[in-house]
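The values are calculated or read from the model by the stated rules, or taken from the named source; none is laboratory data. In this text, all values refer to a predicted model and were calculated from it rather than measured experimentally. Here the Cβ positions follow ideal geometry from the backbone for every residue, glycine too, while neighbour counts run over all protein chains shown.
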Amino acid sequence: MPRIRETLAAALLATLGCELADFDIERQGTATIPRGHIGDDFEMMQIDDDIVLAEIEDEHGVSREDIAEAEITRFTLEVLDPPGMDLAFADRIEVFAEAPGLESVRIGHLDTFPSGARVVDLETDDVDLRDYVAADSVRLVARIDGVAPSEDVRVQARADLHIGVTVRGACNHM
């Protein structure tokens, strides 16, 4: 049944002279995992959604109301400093999206950190982040379990988001 709806939607868009306008955006930020820090939440990335929405409107012609869905398709953590440090001190990392007026929702996690792994892709959770992308601001917060690192660890977090738009948004995208 979903395949029939997708086909009908594509036919309707073609009839209206619209193109499918789903697109991907990337956001990144850095954070420091303080030495001795394990078990508490800490901010990985603060995303000012006004900037994200301005980019979506300017580059894709899609307004806040025209976002039909948003999902994380990839979430990567990379150790930047200190040299030689890896993520093997972690037994589990969970990342949550938080926005004013919305419940915290887990967007990704990982339970295995091989020795020497300086870059890892978290398993992304299948959650619709449309309301979070449309919010005024979003924080990505990590919760780490494991053995506390012996020194501060600076990491870069990168999130790839897939944005789906409404029929109106697809027509405005032209």
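With respect to (1) part of a strand (DSSP E or B); (2) closer than 16 Å to residue 70 by Cα, the lone exception for residue 144 is condition (2). For the residues 114, 149, the requirement of being surrounded by 12 or more Cβ atoms within 10 Å (Cβ to Cβ) and in contact (Cβ under 8 Å) with a residue 12 or more places away in the chain singles out 149.
Within region 152-168, identify whether any single residue is over 15 Å from residue 69 (Cα atoms), out of contact with any Gly (no Cβ under 9 Å at 6 or more places or on another chain), surrounded by fewer than 13 Cβ atoms within 10 Å (Cβ to Cβ) and among the acidic types (Asp, Glu), and answer yes or no. Checked region 152-168: no residue is over 15 Å from residue 69 (Cα atoms), out of contact with any Gly (no Cβ under 9 Å at 6 or more places or on another chain), surrounded by fewer than 13 Cβ atoms within 10 Å (Cβ to Cβ) and among the acidic types (Asp, Glu). If the condition is being basic (Lys, Arg) and more than 18 Å from residue 156 (Cα to Cα), then region 102-128 contributes only 106. Kindly establish whether residue 122 is modelled with pLDDT of 90 or more, hydrophobic (A, V, I, L, M, F, W, C) and either out of contact with any strand residue (DSSP E or B) (no Cβ under 9 Å at 6 or more places or on another chain) or closer than 19 Å to residue 25 by Cα (or both). Considered against the rule, which asks whether it is modelled with pLDDT of 90 or more, hydrophobic (A, V, I, L, M, F, W, C) and either out of contact with any strand residue (DSSP E or B) (no Cβ under 9 Å at 6 or more places or on another chain) or closer than 19 Å to residue 25 by Cα (or both), residue 122 comes out as yes. Inspection of region 133-156 identifies at least one residue that is among the β-branched types (Val, Ile, Thr), in contact with a Lys or Arg (Cβ under 8 Å, 6 or more places away or on another chain) and at pLDDT below 90. Of all residues in region 80-109, exactly one satisfies the criterion of being surrounded by 16 or more Cβ atoms within 10 Å (Cβ to Cβ), touching an Asp or Glu at 6+ places or on another chain (Cβ under 6 Å) and closer than 16 Å to residue 146 by Cα, namely 109. Just a yes or no: is a residue in region 104-116 of a type in the set (Ser, Thr, Tyr) and touching a Phe, Trp or Tyr at 6+ places or on another chain (Cβ under 6 Å)? Yes, region 104-116 contains at least one residue that is of a type in the set (Ser, Thr, Tyr) and touching a Phe, Trp or Tyr at 6+ places or on another chain (Cβ under 6 Å).
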